[in-house]
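*Asks:* For reference, the structure I am asking about is given below.
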Amino acid sequence: MAATIISSPTVFPLSPFRRRSRYTERIPRISSIRCSSSPSPSMDGHLKRVVVCGGGVIGVCTAYFLAKKGAAVTLVEKASVACAASGKAGGFLALDWCDGGPLSSLARASFHLHRSLAEELNGPESYGYRPLHTLSLTITESQAQKKPSTSRNKNLPSWIDGPARDPRTIGSTETTAQVHPQLFTQTLLSKATENDGVEVVKGKVERVGVEGGRVDSVVLAGGRVINSDLVVLTLGPWSGKFEMLSSLFRVYGLKAHSIILEPKEPAAITPHALSLRYYPAQGGRPMDPEVYPRPTGEVYVCGMSSTVEVPEDPEEIVGDPESIRVLKRVARTVSSHLEEGEAAVKAEQACFLPCTDDDMPVIGEIPGVKGCYVATGHSCWGILNGPATGAAMAELVLDGKSSIVDLSRFSPARFVGLPRV
Ligand SMILES: Cc1cc2nc3c(=O)[nH]c(=O)nc-3n(C[C@H](O)[C@H](O)[C@H](O)COP(=O)(O)OP(=O)(O)OC[C@H]3O[C@@H](n4cnc5c(N)ncnc54)[C@H](O)[C@@H]3O)c2cc1C
C-alpha cells in the first residue's frame with residue numbers, strides 16, 4: 001500500500017494541551033510493588049508459570065514486575081528485544097500531559113515509577129534517565145536560510161539558533177523527563193533475568209492453547225509448545241495480526257520516522273526537549289516534529305507519520321526517504337549544530353505506534369479465555385506508561401486486581417458486542 005505522508009498534530013506525545021493536576025495522587029514505589037517477594041503459588045501449590053508474548057517495553061515491564069512478585073516468567077520475542085517502537089521511540093516522559101483524559105492516573109503512576117526505577121537501577125548511567133525542561137516553539141522554515149546570528153531568539157538556549165518564535169515552557173524538570181527507550185527496556189530485562197530468573201525464548205507465538213475455556217500453553221512457529229498457567233499478549237502493533245485479539249478489537253500501526261544526530265559539539269546542547277509547530281518553506285500543513293537531546297550527546301528528531309500496513313518482520317521496517325529528508329531539514333532549521341557537516345547521522349529509522357479505534361490502550365483479561373491477558377495499544381505513550389502497565393498487570397494477573405491503577409476502563413471487555421469497523 002502506498003504511504004500517504006501526513007502531519008499528525010494529535011498523535012505525538014508533545015501535545016500542547018497540557019493541564020495542571022488538581023489532585024494528589026498516590027505515588028507508587030518499587031518497594032510497594034515488589035512486596036510479594038515470596039513465590040506466587042497457584043491453587044495446587046506450584047509456581048505460577050506465566051508466558052509473556054512480545055519483547056517490547058510493555059512485555060518487558062510486565063515480565064519484570066511479574067517476576068518480582070514471584071512468578072516463573074518466560075518472555076517470547078520473535079525478533080529481538082526492543083527492536084521495534086520500544087527501541088526507536090523518543091523516550092520522553094511527562095507527569096501531567098494526560099490529565100483530564102482516561103490515561104491520567106496511568107501516566108502519573110508511571111512517571112513516578114520511572115523515577116523510582118531510575119533510582120533503583122542507576123537509570124542516569126544505565127539508560128540515560130534524566131529530568132529535563134520542555135519548550136514549545138514555532139518555526140517557519142524559509143527557502144533561503146538566514147544566518148543564525150541574525151535570526152536567533154535571545155530568550156532561548158544558544159544552540160537553538162534558527163528562526164524560532166513564541167517560545168513557551170511546557171515542562172519543567174519536575175514534570176518532564178526522558179529515557180533512552182532501548183537501553184531502558186534492555187536494562188529492565190537483564191535485571192529480570194539476572195535477579196528474578198526470567199527466561200527469554202526467541203520464537204514467534206502462533207497461538208495460545210486453550211483447554212476448557214482456560215489457557216494451558218503457548219504454541220510457537222515450528223511447533224514448540226510452552227506450557228503455562230497464564231499468558232500475557234504484548235504484541236504492540238502486531239496485535240492486529242493475532243487472530244485471538246483481532247477478532248475482538250482493532251489495533252493498527254501508525255508508522256513514524258526518526259533520525260539520530262551526533263553533533264560535533266555535544267556540550268553545546270542543553271537538556272531541553274522541543275515540541276515544534278513547524279511551517280515548511282513550500283507551504284502546506286504545519287507539522288509537529290519533536291527534538292530530544294540525550295545525555296549521550298545525541299539528538300533525536302521525530303515526526304512524519306503515515307498509516308501503512310505493519311510488515312510481518314520488525315527488522316524489515318525502514319524509513320521513507322522523503323520523511324527522513326524532511327526531518328533533516330527540521331533539524332538544521334532548529335540549530336546550526338544539527339546541520340550537515342556539524343552533526344553526523346547515526347540513525348535514520350521508522351517504527352509503528354500501536355493504535356486502537358478509541359485511542360485507549362487495551363489492558364486486561366480477554367473475555368471468554370480464562371488466564372489470557374492483553375496489554376497493547378499504548379500509541380504515543382508506551383515508554384511513559386510501560387512501568388505502570390507492567391506493575392498493574394502483574395497485580396491483575398497474580399492477585400486478580402490491580403491496586404496501582406484502576407484498569408477497568410482499559411478492559412478488552414469494552415469491545416464485546418461492538419460492531420467491527
Ligand atoms: C517515532 C516514535 C516516537 C515515540 N516517542 C515516544 C515517547 O517519546 N514517549 C513515549 O512514551 N512513547 C513514545 N512512542 C510510543 C512507544 O514507542 C510505543 O507506545 C511503545 O514502544 C509500544 O510498545 P509495545 O511493547 O506495545 O510494542 P513494540 O515495541 O512494537 O513491541 C512489540 C514486540 O512484540 C514482538 N512480537 C510481535 N508479534 C510477535 C509474535 N507473534 N511472537 C513473538 N513476538 C512478537 C515484536 O517483535 C516486538 O518486539 C513513540 C513511538 C514512535 C513510533
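*Asks:* So between residue 227 and residue 418, what do we pick up on full extension, going 0.36 nm a residue minus the alpha carbon distance?
*Replies:* Between residue 227 and residue 418, full extension yields an extra 65.5 nm.
*Asks:* Taking the simple approach of a point 7 Å from Cα along Cα-to-Cβ for both residue 199 and residue 346, what is their distance in nm?
*Replies:* 3.6
*Asks:* By how many nm would the segment from residue 246 to residue 267 lengthen if fully extended, with 0.36 nm per residue of separation less the alpha-carbon distance?
*Replies:* Roughly 2.8 nm would be gained on extension.
*Asks:* A further question on this structure: If packing is taken as the mean number of other Cβ atoms within 10 Å per residue, what is the order of 385-396, 315-326, 80-91, highest first?
*Replies:* The peptides rank, most packed first, as 385-396, 80-91, 315-326.
*Asks:* Now for a separate question. Pick out, in residue order, every one of the GluC sites (Glu not before Pro) in region 83-190 that is DSSP loop and has at most 11 other C-beta atoms within 10 Å; say none if there are none.
*Replies:* Working: sites: 119, 120, 125, 141, 174; in loops: 141, 174.
Here the GluC sites (Glu not before Pro) that fit, given the DSSP loop and packing criteria, are 174.
*Asks:* Compute, for region 69-196, the length of the dipole vector about the Cα centre, with Cβ point charges of +1 (Lys, Arg) and -1 (Asp, Glu) only. Units Debye, rounded to 20.
*Replies:* That gives a dipole near 520 debye.
*Asks:* OK, next. Taking loop as defined by DSSP and a crowding limit of 13 other beta carbons within 10 Å, which trypsin sites (Lys or Arg not before Pro) in region 330-421 fit?
*Replies:* The qualifying sites are 401, 420.
*Asks:* A follow-up question, please. If you rank 304, 244, 287 by fewest surrounding Cβ atoms within 10 Å, what's the result?
*Replies:* So the ranking, lowest neighbour count to highest, is 244, 287, 304.
*Asks:* Let me ask something additional. Suppose every K and R has +1 on its Cβ and every D and E has -1 on its Cβ; what is the size of the dipole of the chain about the Cα centre, in Debye to the nearest 20?
*Replies:* 900
*Asks:* Now a separate question. Convert 37 °C to kelvin, take the viscosity as 0.692 mPa s, use the Kirkwood radius over C-alpha pairs of the chain as Rh, and evaluate the Stokes-Einstein diffusion coefficient in µm²/s, rounded to a whole number.
*Replies:* 150
*Asks:* Any idea what Rg and Dmax come out to for region 213-346 if you just take the C-alpha atoms, in Å?
*Replies:* According to the Cα coordinates of region 213-346, Rg and Dmax are 20.3, 61 Å.
*Asks:* What 222 nm value per residue comes from the helices of the chain, counting each DSSP H run with n ≥ 4 as -39,500 (n - 2.57) and dividing by all residues, nearest 500 deg cm²/dmol?
*Replies:* When only DSSP H runs of four or more count, the value is -7000 deg cm²/dmol.
*Asks:* While we're here: As I understand it, the value is the acute angle between the Cα axis of helix 57-68 and the longest principal axis of the Cα atoms of the chain; what does it come to in degrees, rounded to 10?
*Replies:* 50
*Asks:* Of all DSSP beta bridges located in the chain, what percent are antiparallel, nearest 5?
*Replies:* Antiparallel bridges: around 65 percent, rounded to the nearest 5.
*Asks:* Here is the link list: 191/241; 48/204; 78/328; 78/255; 88/370. Which ones come out longer than 24 Å on Cα distance?
*Replies:* Working: 191/241 30 Å; 48/204 22 Å; 78/328 32 Å; 78/255 20 Å; 88/370 34 Å.
The answer is 191/241; 78/328; 88/370.
*Asks:* Now for a separate question. So how far, in whole Å, is the C-alpha centre of region 310-358 from the one of region 225-240?
*Replies:* Centre-to-centre (Cα) distance: 29 Å.
Every number in this text was worked out from the coordinates using simple rules, so none of it is lab data. What you see is a predicted model, and the numbers here were worked out from it, not measured in a lab. Note that each Cβ is placed from the backbone with ideal geometry, even for glycine, and that neighbours are counted across all protein chains shown.
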